[in-house]
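The values are calculated or read from the model by the stated rules, or taken from the named source; none is laboratory data. The model shown is predicted, which means the values in this text are computed figures rather than measured ones. A quick note on method: Cβ atoms are made from the backbone with ideal geometry, for glycine too, and the neighbour counts reach across all protein chains shown.
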């Protein structure tokens, strides 16, 4: 396996948002596997326990967040340097009948063996009884 090309990573980044927002789970997973057929590790967000495995890093996020979250990133700030991608992502989150926007900074490192390391930074919502708080109690158990 070789490191994905710049063009492949830019296409993956574009598809990441488009397929998520379209609700096409299988195409979103296939998009990931084109550039990352190996093992996955994720710090989401940095400072929390590492998640390991494709299903835990990718599938669990889809199952918990896809219905309530839409993404937007700006093509001019999708940065590809060698085998790494970084972006600022707008997360439009609908909970309790209201949509709010939260920013995340996300980096992805694609290795020659097909593995991927994901690191994200964002303000973690309060772990309370609100719909969003309950989602994060599930996503980031103590």
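Residue 53 falls short on exactly one of the conditions (1) more than 18 Å from residue 9 (Cα to Cα); (2) buried (at least 16 other Cβ atoms within 10 Å of the Cβ); (3) modelled with pLDDT of 95 or more, and that condition is (2). Inspection of region 29-44 identifies at least one residue that is touching a strand residue (DSSP E or B) at 6+ places or on another chain (Cβ under 6 Å), surrounded by 13 or more Cβ atoms within 10 Å (Cβ to Cβ) and farther than 16 Å from residue 110 by Cα. The residue of region 63-77 that is surrounded by the fewest Cβ atoms within 10 Å (Cβ to Cβ), among those that are touching a helix residue (DSSP H, G or I) at 6+ places or on another chain (Cβ under 6 Å) and farther than 18 Å from residue 107 by Cα, is 64. What residue, among those in region 93-115 that are closer than 18 Å to residue 16 by Cα, at pLDDT 95 or above and more than 12 Å from the chain's Cα centre (by Cα), is surrounded by the fewest Cβ atoms within 10 Å (Cβ to Cβ)? Applying the filter and picking the extreme gives 115.
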